[in-house]
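Working notes for the structure below.
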Amino acid sequence: MKTGEIADKLFHYLWQVLYDPAKASLDVESLPQEFNDLGKGMVFFSAMLDELRRFAAELAKGNLGVKTPSPANELVAPLKSLHANLRHLTWQTQRVALGDYKQRVDFMGDFANAFNAMIRQLDEQHVDLMNKIEESRQKTLALEQSVSLFEAITMNVPQWIIVVEPDSDEVLFINQTANNILKPNEALLQDLRAWLKNQVAIAQVSEEPATPVQLTTKITVNTKTWFLSVWLHPMTWRGHN
């Protein structure tokens, strides 16, 4: 086999390795003895390049569980480094999803800058949210304490004090003075609740701001008539408005 023919054969094989790897084939034994090592080297290069292609294709599909090529393949060294970085980045992203906003990326250039900026924003938003939650909790606690204090102070005052949920008509609080009168007079309590609900409904459709209002009413139950002067105070009571 002439030198020119050998060169053409090796060039054709190299062209197939690069552009048509599925058809690339070289019979090393058919080469002259002095070209055997070169032929074997080209076949080895083809195998390493094929391994590189397969590994890169799996990474392109996002398959980070792909088996890494053999250490002898120096061609894939940069991709192996990228593979390790992507696996670590995946772990960091999972940590961020669990609330660990201390994670930072120190590789991958512009992506690292964008990723770290996003984490800082998430951290700031998380801190702001937790502060608002704590502020709301403190306000709720203060309101609960205020309601408890109001109940204790007003339990035995001479005036009737009744707190009613306007939508459900549920009595949320009734002081002892009112309870002493209304408990034996269930019909009076029901009529009073109905009247209060109607007055609240009238106030809700009014464009006037919610302010205390003094009203009078007359309720007759079993031939007995009650003349009542009532102050309506809109308020929040243990989560009810």
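Values computed for the structure shown
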read-out: Number of the condition not met by Ala22 [criteria: (1) open to solvent by less than 50 Å² (accessible area, probe 1.4 Å); (2) assigned to a helix (DSSP H, G or I)]; value: (1)
read-out: Candidate set from the stretch 156-178 (those that are part of a loop (DSSP other than H, G, I, E, B) and open to solvent by less than 40 Å² (accessible area, probe 1.4 Å)); member that is farthest from Arg193 (Cα to Cα); value: Val157
read-out: Residue tally, condition touching a helix residue (DSSP H, G or I) at 6+ places or on another chain (Cβ under 9 Å) and hydroxyl-bearing (Ser, Thr, Tyr), over the stretch 87-143; value: 2
read-out: Residue match in the stretch 122-135 (condition: over 17 Å from Met235 (Cα atoms), part of a helix (DSSP H, G or I), polar (S, T, N, Q) and open to solvent by 80 Å² or more (accessible area, probe 1.4 Å)); value: yes
read-out: Subset tally (residues that are modelled with pLDDT under 85 and either open to solvent by 90 Å² or more (accessible area, probe 1.4 Å) or of a type outside the set (A, V, I, L, M) (or both)) for the stretch 212-223; value: 4
read-out: Odd one out for Lys9, checked against (1) assigned to a helix (DSSP H, G or I); (2) closer than 27 Å to Ala112 by Cβ; value: (2)
read-out: Qualifying residue in the stretch 37-44 (condition: loosely packed, with under 13 Cβ neighbours inside 10 Å and either of a type in the set (Ser, Thr, Tyr) or under 49 Å from the mean Cα position of the chain (by Cα) (or both)); value: no
read-out: Residues of the stretch 75-85 satisfying the condition of being open to solvent by 50 Å² or more (accessible area, probe 1.4 Å) and free of Cβ contacts under 8 Å to residues at least 12 places away in the same chain; value: Pro78, Ser81, Ala84
read-out: Only one of Asn116, Asn63 that is open to solvent by 40 Å² or more (accessible area, probe 1.4 Å) and polar (S, T, N, Q); value: Asn63
read-out: Flag for Gly99 being over 30 Å from Met130 (Cα atoms) and open to solvent by less than 90 Å² (accessible area, probe 1.4 Å); value: no
read-out: Thr68 among the β-branched types (Val, Ile, Thr), in a helix (DSSP H, G or I) and within 25 Å of Ala112 (Cβ to Cβ); value: no
read-out: Leu143 under 30 Å from Lys197 (Cα atoms), of a type in the set (A, V, I, L, M) and not in a strand (DSSP E or B); value: yes
read-out: Candidate set: the stretch 138-169, residues that are among the charged types (D, E, K, R) and at pLDDT below 80; chosen: the one nearest to the chain's Cα centre (by Cα); value: Glu144
read-out: Residue pairs meeting the criteria (Cβ under 7 Å; at least 6 apart or on separate chains; first under 25 Å from Thr3 (Cα atoms), in the stretch 35-51; second among the small types (Gly, Ala, Ser)); value: Ser46/Ala24
read-out: Residues satisfying the stated conditions in the stretch 189-211, i.e. modelled with pLDDT of 75 or more, open to solvent by 70 Å² or more (accessible area, probe 1.4 Å) and either of a type in the set (Lys, Arg) or under 42 Å from the mean Cα position of the chain (by Cα) (or both); value: Lys197, Ile202
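The values are calculated or read from the model by the stated rules, or taken from the named source; none is laboratory data. These numbers come from a predicted model, not from an experiment. Here Cβ is always computed from backbone atoms with ideal geometry, including for glycine, and neighbour counts include all displayed protein chains. SASA here: full protein model, heavy atoms, side chains in, ligands and nucleic acids out. Shrake-Rupley method; radii C 1.70, N 1.55, O 1.52, S 1.80 Å.
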